[in-house]
Amino acid sequence: MAPLNHFSMQEIVEIRASLETLALSHAAPRLNAASFEKIERAMLVGDNAQTIIEWERANRTFHSELIAPCKMPRLLEMLDELQLANSRIIFSATRSAGWRPTSSHDHRQIVDALRTGDFSKGVALLQRHIRGLERATG
């Protein structure tokens, strides 16, 4: 596993932002009531998390449920790997700065846009949300 330096973190965020928004653009029209139920459940678990480990697991579930309907198995596999790398970034950042999960508001905005059928807004919000990790880690 490559060490986490500023450049590798930037690379992970850049690739993930591009690929996850691609996946969401394909998944969004296919999201249904069952999809939204899984997404909402992941947000609730994250909101109620007592530890960074619980929160991070819920965060990963949220992101994977959001894009699951994209019907692109290779893309989903790549994003699983990127999400694990993303988790390393989160753990590294919280180790030095303390745990303060802040994505609940972002997640809610993304889901609200998707529920109303504003897929391009949902994709743009996801892009901003992922890139926020880059800002959070300096």
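Below, the figures for the structure above:
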| item | result |
| --- | --- |
| Condition check for Ala27: open to solvent by less than 80 Å² (accessible area, probe 1.4 Å) and of a type outside the set (Lys, Arg) | yes |
| Failed condition for Ala33, given (1) at pLDDT 95 or above; (2) surrounded by 14 or more Cβ atoms within 10 Å (Cβ to Cβ) | (2) |
| Helices (runs of 4 or more DSSP H) contained entirely in segment 1-82, each with at least 3 residues that are more than 18 Å from Gln109 (Cα to Cα) | 6-27, 52-67 |
| Evaluation of Thr102 against (1) modelled with pLDDT under 95; (2) open to solvent by less than 60 Å² (accessible area, probe 1.4 Å) (one fails), failing number | (2) |
| Residues satisfying the stated conditions in segment 37-87, i.e. open to solvent by 90 Å² or more (accessible area, probe 1.4 Å) and in contact (Cβ under 8 Å) with a residue 60 or more places away in the chain | none |
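The values are calculated or read from the model by the stated rules, or taken from the named source; none is laboratory data. All values reported here derive from a predicted model rather than from experimental measurement. Counting neighbours? That spans all protein chains shown, and the Cβs are built from the backbone with ideal geometry, glycine included. Each accessible area value is taken on the protein alone, full model and side chains, heavy atoms only, with ligands, DNA and RNA left out. Shrake-Rupley method; radii C 1.70, N 1.55, O 1.52, S 1.80 Å.
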